[in-house]
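Written out below as structure tokens is the structure these notes cover.
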Amino acid sequence: MSRRWVVTFALFGAFATFSVPGRVAAQVGFGFNRAVGGISINSDGLITNATTDTLGKLRAERDRLMQKVPTDLHGAAALRKVSLRGLEEAIEESIRAGKPLSDEVVLLAGLQDIRYVFVYPEQKDIVLVGYGEGWQLDRNGNFIGVTTGKPVLLLDDLLVALRTAATTAQGGISCSIDPTKEGLDRLRAHVARLSTVGNRGSTATGIEKALGRQTVTFTGVPATSHFASVLVAADYRMKRMAMKFERAPVSGMPSFLDMFKSTELGMSNIMQRWWLEPKYEAVLRSPDGLAWEFSGGSVKCMTEEDFNAANGQREHSGHANEVAQRWADNMTSHYDDLAVAAPVFGDLRNCMQLALVGALVAHERLIDKAGCNLPALTQAETLKTLTLAAPTQVDSKVSMVKQGTNYVISASGGVMIYSGNLVAKARESAAPAEARGKAANSGKGWHWN
């Protein structure tokens, strides 16, 4: 009797470079663009693992350049208030003086979360409010909170979110890593010729060669932006954990392969698809539209089965495999812990929050409501964002476990952010207005005001 194996094809995204606080006034630069999070991108856009030496140099360089955290920002503030008008003025002052942006500007005063967005027409200001504290570097050079370990929000990602919001109202922001049609055709022909599995290594190599390189695509944000790199990096890490290429950094998260092995379920010609989306308990707005609250912000993992149709095209089935759904739900329930243990997941949540802020500012015309002018934040001509190597392709990787006569293929996925939908579905509530009034009457927690 012939043997078959469960074979998984993981789609790997990129964790591109993020620089340390910049030394060029008119660009959000960090001066030392190396791989972060274990991934490098070469000149051809190919994603590979970064070396330990590269990561060590990255942290050392950032540590050398990092400024001392200002005393008023070191302590924790449950509701740190970051004034966009004040942030704009701080950026313009640096540009006029020909000085680099300070760390507190580049790292948004240590803000780690956005719970409220308040508009104050009398002050001509828009204010972001959420938890903030001082920052430090982790062992891989990520900027994280001194007590929470969560990544801080970044000015560069805010700029991308504000500048792309008007054009992403319909299509949203997304990244995806997908095999090519030619690769799937070769894969189908190759698998049809496999009657038995011989040497495990040579079998995996043959399948990887047949599928070939997969492509990375983005919508809504520039592929060369740090924002885009975060999207694909999170997808990369998710796929590696699901397909058992690396162990989840938190307990209680077995791989999809381990969960699948423990069942008697059969799968044939099925490709698992996972993706990440924003998750909010509620988005609330005041009756006058001057106060907004984002309640219970996190990230959820979604899944669906794809299949190869007779014409060779990949199609969505509209439903999820039972084990894949359990794995997705388990990742969702562990996401807050993942955001600390693997900072890229915290970075992704931050980007999703900033995308919601961008959608809110654009769709509700908050700049007009506030009567303010924010050219440095909204116009690329005034302040340039980081330009990184664009991730465009990744080699297919195969993981194999014995399971009856079937193959399991992880063929696509990514990140999808439809912030405009969240704004459109906001519920009216008096609570945000009450919080806005209390914030205005409190002198604590303001920054750049």
- Query: Within region 275-301, can you find the residues that are touching a Ser or Thr at 6+ places or on another chain (Cβ under 9 Å), assigned to a loop (DSSP other than H, G, I, E, B) and touching a residue at least 40 places away in the same chain (Cβ under 8 Å)?
  - Reply: Tyr280, Ser286, Pro287
- Within region 204-215, is even one residue among the β-branched types (Val, Ile, Thr) and at pLDDT 90 or above? yes
- Query: Name the residues in region 305-340 that are open to solvent by 10 Å² or more (accessible area, probe 1.4 Å) and at pLDDT 85 or above, would you?
  - Reply: Glu322, Gln325, Arg326, Asp329, Asn330, Thr332, Ser333, His334, Asp336, Asp337, Val340
- Might you check whether a residue that is modelled with pLDDT under 95, more than 20 Å from Phe227 (Cα to Cα) and open to solvent by 10 Å² or more (accessible area, probe 1.4 Å) occurs anywhere in region 151-168? no
- Message: Residues that are closer than 25 Å to Phe143 by Cα, open to solvent by less than 10 Å² (accessible area, probe 1.4 Å), in contact with a helix residue (DSSP H, G or I) (Cβ under 6 Å, 6 or more places away or on another chain) and polar (S, T, N, Q): does region 221-229 have at least one?
- Response: yes
- Any idea which of Asn321, Asn350 is under 30 Å from Leu137 (Cβ atoms) and either touching a His at 6+ places or on another chain (Cβ under 9 Å) or among the polar types (S, T, N, Q) (or both)? Asn350
- Under the condition of being touching an Asp or Glu at 6+ places or on another chain (Cβ under 8 Å) and assigned to a strand (DSSP E or B), which residue from region 341-400 is most open to solvent (accessible area, probe 1.4 Å)? Lys397
- Sole residue being surrounded by 22 or more Cβ atoms within 10 Å (Cβ to Cβ), within 23 Å of the chain's Cα centre (by Cα) and at pLDDT 90 or above, chosen from Val82, Val36, Val28: Val82
- Residue among Gly172, Gly183, Gly252 that alone is small (Gly, Ala, Ser) and touching a helix residue (DSSP H, G or I) at 6+ places or on another chain (Cβ under 6 Å): Gly183
- Message: I'm trying to understand the selection: among the residues of region 73-101, which are touching a residue at least 40 places away in the same chain (Cβ under 8 Å) and farther than 23 Å from Gly358 by Cβ?
- Response: Leu73, His74, Gly75, Ala76, Ala77, Ala78, Ala97, Gly98, Lys99, Pro100
- Item | Members of region 401-433 that are at pLDDT 90 or above, surrounded by fewer than 21 Cβ atoms within 10 Å (Cβ to Cβ) and in a strand (DSSP E or B) | Met416, Arg427, Glu428
- Task: Report, by residue number, each residue of region 207-220 that is part of a helix (DSSP H, G or I), open to solvent by 20 Å² or more (accessible area, probe 1.4 Å) and not basic (Lys, Arg).
- Result: Glu208
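The values are calculated or read from the model by the stated rules, or taken from the named source; none is laboratory data. Keep in mind it's a predicted model, so treat the numbers as computed, not measured. Cβ sites come from the backbone with ideal geometry, for glycine too, and all protein chains shown count toward neighbours. Remember, those area values only see protein heavy atoms, side chains included, never the ligands or the DNA or RNA. Shrake-Rupley method; radii C 1.70, N 1.55, O 1.52, S 1.80 Å.
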